[in-house]
Amino acid sequence: MIVVTGATGNVGRPLVQALAAAGLDVTAVSRNAPADRFAGAGPSVRHHSADLARPGSLRPALDGADALFLHDTGAGAQLLDVPEILGVARAAGVGRIVLLSSQGVATRPESASHGGVGRSLEEAVRQSGAHWTILRPGGFASNAYAWAESVRVHRTVAAPFGDVGHPVVDPADIAEVAAAALHEDGHAGNTYELTGPALSTPRQRARNLAEVLGEPITFVEQSRDEARAQMLQFMPEAVVGTTLAILGEPTPAEQRVSLTAEQLLGRPARTFTEWAGRNIGAFK
Ligand SMILES: NC(=O)c1ccc[n+]([C@@H]2O[C@H](COP(=O)([O-])OP(=O)(O)OC[C@H]3O[C@@H](n4cnc5c(N)ncnc54)[C@H](OP(=O)(O)O)[C@@H]3O)[C@@H](O)[C@H]2O)c1
C-alpha cells in the first residue's frame, strides 16, 4: 500500500489516480476529505484525514504501508517536524519515500524559505534509512490558477515580469514521475530536477489560455510592488521575496529545460497549453 500526502493537491490528485490505475492500493491523506472522496479512482483508494503538523495523526494511515509520498506544505513547511513524520513512517515499516521538494533548494541556497527549509527536509529524508527519491520541480503550470477568477470575471491576467520565461512544469508529469519512483525499482538515491519542455513567459501563458478558451484575454503587467502586495495576502514575507526574485531575475539554472521528465517518462514533458486544455473549466 502506498500513502500519498497532499492527496487533494495539484500533484497529489493525479498521483493517486496514476497509482490506482496501476492497480495499487492507495491511502490518500489530506486534512480535509475531498468532496468526491476519489470516487472516480476506484475501490483501491481510501481517504484518511491527517495533519502533517501532527505526525501522530498519520499513524493509522501508515500502518501496513510500503511507500510514502511526502509533500511538504509549501509556505508552512518550516512548521513540520519532518524527522518525527519520518520516524512514524519508518516505525510503520515504510521502506520507500519520495519527497516533493523544490528546485529552489539548489538554485536559492541563500534563501531561508526556499533553500534552508527545503534542504533540511531533503536531509531528513536522506537520513531516514528508507530508499529515497527526491523530486525538485521548478514552477508549476498550475500556479496559473491564481489567474482563474480574473479570467472568469474580467477576461484579464495580471502578473509581474510579463516577458521573463520559465519552463513551468505540469504537476501531472511530476505525479507520473512520483508514481514510478514509488512502485518501480531503479529510482532510489536519485534527485530529479523536473521542468516543462520549453520556456514560456506569463504573457505567452495568458495567450495560451485565451487560445484554449477561444476568447481574448487582456494581459496587464503588474509592478513588482503590486505583485508583492497581492502575494502577501497568502504567502509569508520571506517566501514572497524569494518568489519575486525567481520570477523576475531567474538564475540560468531556473531557466534551463531539464530533460529528466522526458527521459523517465519516455515522452516529452507536457506543455503549458496541455495543462490549460485539461483545466480550462476553472477559467470559464
Ligand atoms: N507551486 C509551485 O510552483 C511549486 C514549485 C516547486 C515546489 N512546489 C512544492 O509543491 C508542493 C505542492 O504545491 P501546490 O501549491 O501545488 O500544493 P497544493 O496543490 O495546494 O496541495 C496542497 C495539498 O496538501 C494538503 N495539505 C496542506 N497542508 C497540510 C497539512 N498540514 N497536513 C496534511 N495535508 C496538508 C492539502 O489538503 P488539505 O488542505 O485538505 O490538508 C492539499 O492536498 C508545495 O509543498 C511546494 O513546496 C511547488
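So the values come out like this:
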{"item": "Test: residue in region 82-102 that is more than 27 Å from Phe234 (Cα to Cα), within 20 Å of the chain's Cα centre (by Cα) and not aliphatic (A, V, I, L, M)", "result": "yes"}
{"item": "Leading residue by the ranking (farthest from Thr242 (Cα to Cα)) among those in region 129-179 that are hydroxyl-bearing (Ser, Thr, Tyr) and in contact (Cβ under 8 Å) with a residue 60 or more places away in the chain", "result": "Thr156"}
{"item": "Helices (runs of 4 or more DSSP H) contained in region 234-284 and holding at least 1 residues modelled with pLDDT under 95", "result": "237-248"}
{"item": "Output for region 150-175, where each listed residue is in a helix (DSSP H, G or I) and within 16 Å of the ligand (Cβ to nearest atom)", "result": "Pro171, Ala172, Asp173, Ile174, Ala175"}
{"item": "Positions within region 35-51 being within 8 Å of the ligand (Cβ to nearest atom) and more than 12 Å from Val4 (Cα to Cα), in sequence order", "result": "Asp51"}
{"item": "Any hit, region 65-77, residues being more than 8 Å from the ligand (Cβ to nearest atom), surrounded by fewer than 18 Cβ atoms within 10 Å (Cβ to Cβ) and within 14 Å of Leu99 (Cβ to Cβ)", "result": "no"}
{"item": "Test: Glu110 is acidic (Asp, Glu), more than 10 Å from the ligand (Cβ to nearest atom) and either without any contact (Cβ under 8 Å) to a residue 12 or more places away in the chain or part of a loop (DSSP other than H, G, I, E, B) (or both)", "result": "yes"}
{"item": "Top-ranked residue of region 104-125 - restricted to ones that are over 17 Å from Thr243 (Cα atoms) and out of contact with any strand residue (DSSP E or B) (no Cβ under 6 Å at 6 or more places or on another chain), ranked as surrounded by the most Cβ atoms within 10 Å (Cβ to Cβ)", "result": "Leu121"}
{"item": "Which listed residue is part of a loop (DSSP other than H, G, I, E, B) and closer than 21 Å to Phe69 by Cβ, from Ser128, Ser142", "result": "Ser128"}
{"item": "Filter pass, Ile217 being aliphatic (A, V, I, L, M) and within 16 Å of the chain's Cα centre (by Cα)", "result": "no"}
{"item": "Breaking point among (1) within 22 Å of Ala179 (Cα to Cα); (2) among the polar types (S, T, N, Q); (3) touching an Asp or Glu at 6+ places or on another chain (Cβ under 7 Å), for Ser102", "result": "(3)"}
{"item": "Residues of region 199-240 satisfying the condition of being in contact with a Leu (Cβ under 9 Å, 6 or more places away or on another chain) and loosely packed, with under 15 Cβ neighbours inside 10 Å", "result": "Arg224"}
{"item": "Hits in region 82-104 - residues which are of a type in the set (Val, Ile, Thr) and at pLDDT 95 or above", "result": "Ile85, Val88, Val94, Ile97, Val98"}
{"item": "Any chance Leu24 is within 13 Å of the ligand (Cβ to nearest atom) and buried (at least 16 other Cβ atoms within 10 Å of the Cβ)", "result": "no"}
{"item": "Meets criteria (on the phi > 0 side of the Ramachandran plot and buried (at least 16 other Cβ atoms within 10 Å of the Cβ)) for Phe38", "result": "yes"}
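The values are calculated or read from the model by the stated rules, or taken from the named source; none is laboratory data. What you are looking at is a predicted structure, and each value in this text was computed from that prediction instead of being measured. Glycine gets a Cβ as well: all are built from the backbone with ideal geometry, and neighbour counts include every protein chain shown.
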